[in-house]
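The values are calculated or read from the model by the stated rules, or taken from the named source; none is laboratory data. Computed from a predicted structure; not experimentally measured. Every residue, glycine as well, gets a Cβ built from its backbone with ideal geometry; the counts of neighbours run over all protein chains shown. Accessible surface is based on the protein model in full, side chains and every heavy atom, while ligands, DNA and RNA are left aside. Shrake-Rupley method; radii C 1.70, N 1.55, O 1.52, S 1.80 Å.
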Amino acid sequence: MREIEGIDAAMEVLKPYWKDIEEDFHRHNDRFLELAATDHDFIGRVLRAHLVVENFLNSYLEQTFGFDDFDGLRLTFAQKAKMLPSAKVSAAFVRPGIIQLNKVRNKFGHTLSHVIEFGEINAMTDILSIARPNTTFEQPIEAIEAFAPIACAFLSNPPMHLQNVFVEAFKSIQTASLD
């Protein structure tokens, strides 16, 4: 028995149309090759920043909320980002940028030819203007990559002797909701 029963009969039916079938295949194949030739460097760079920030975000949420089985909750990145406080803690400072990072990543996840514009990452650049005041970025991807370690730092719980200092410093922080 052949693995594909009836293939010979199917091929006989298709044989008179083979030229048209090949032309159609080549048209679709050309489109595939064009889409596959998209510069994947930006996608990889955004994904790397997103994954690293998510790692720190997971640790922050586990430590802050004391979840026993955080992975078992199977939360999306967007759900995790919305769990971040929007006021009175240092993580609130980077929350809007983290939400924007996820939106940019999602655009790459659904559009092969997405081009990042500075307007899409204004929360990240606002944070960078405070955390890295004299730094300029020629391309939005450079700002995203500069934002990621800042987000990770603000998602990290400081040593005990510095925790009260951070609480005092950020007690008046309030961020806008990007939801």
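Ordered from longest to shortest, the equivalent ellipsoid semi-axes for the chain are 47, 22, 12 Å, each the square root of 5 times a Cα gyration tensor eigenvalue.
The spacing between segment 82-147 and segment 3-35, judged by their C-alpha centroids, is 45 Å.
Give me the one-decimal Kirkwood hydrodynamic radius in Å for segment 80-140, with the sum taken over alpha-carbon pairs. Spell out each step's value before the answer.
Numbers: mean 1/r = 0.0790 Å⁻¹.
Hydrodynamic radius (Kirkwood, Cα only) of segment 80-140 equals 12.7 Å.
Take the solvent-accessible surface of the protein heavy atoms, probe 1.4 Å, and return the percent of it on the chain that carbon and sulfur atoms account for. Don't jump to the answer; show the numbers that get you there.
Details: 6590 of 11810 Å².
Answer for the chain is 56 percent, counting heavy atoms of protein chains only.
With viscosity 0.692 mPa s and temperature 37 °C, the Kirkwood radius over alpha carbon pairs of segment 105-179 converts through Stokes-Einstein to a diffusion coefficient of 226 µm²/s.
Solvent exposure of L51, expressed as accessible area, is near 100 Å², computed with a probe of 1.4 Å over the protein chains only.
Going through segment 1-87, which chymotrypsin sites (Phe, Trp or Tyr not before Pro) have at most 14 other Cβ atoms within 10 Å and a DSSP loop state?
Details: sites: Y17, W18, F25, F32, F42, F56, Y60, F65, F67, F70, F77; in loops: F67, F70.
Taking segment 1-87 and a limit of 14 other Cβ atoms within 10 Å, the loop chymotrypsin sites (Phe, Trp or Tyr not before Pro) found are F67.
Dipole of segment 1-108 computed with +1 at Lys/Arg Cβ and -1 at Asp/Glu Cβ about the Cα centre; of L57, A91, H40, farthest Cα towards the positive end is A91.
Within segment 1-97, which GluC sites (Glu not before Pro) sit in a loop by DSSP and count at most 16 neighbouring Cβ atoms inside 10 Å? Within segment 1-97, the qualifying GluC sites (Glu not before Pro) (loop, at most 16 other Cβ atoms within 10 Å) are E3, E5. Rounded to the nearest 10 degrees, the inclination of helix 122-131 to the longest alpha-carbon principal axis of the chain is 40 degrees. Within the chain, the longest segment free of exposed loop sites, counting trypsin sites (Lys or Arg not before Pro) that fall outside DSSP classes H, G, I, E and B and have at most 14 other Cβ atoms within 10 Å, spans 89-170.
On full extension, the segment bounded by I43 and S113 gains 24.2 nm, given 0.36 nm per residue less the C-alpha separation. Principal axis analysis of the Cα atoms in segment 62-166 yields extents of 41, 36, 18 Å, listed in decreasing size.
Counting heavy atoms of the protein chains alone, D41 has an accessible area of about 80 Å² for a 1.4 Å probe.
For segment 34-82, the spread of Cα positions along the three principal axes, ordered from largest to smallest, is 47, 16, 16 Å.
Where does the charge balance sit around E145 when Lys and Arg score +1, Asp and Glu -1, over other residues with C-beta under 11 Å from its C-beta? Numbers along the way, then the final one.
Details: positive: R45, R48; negative: E142.
So the surrounding residues net to +1.
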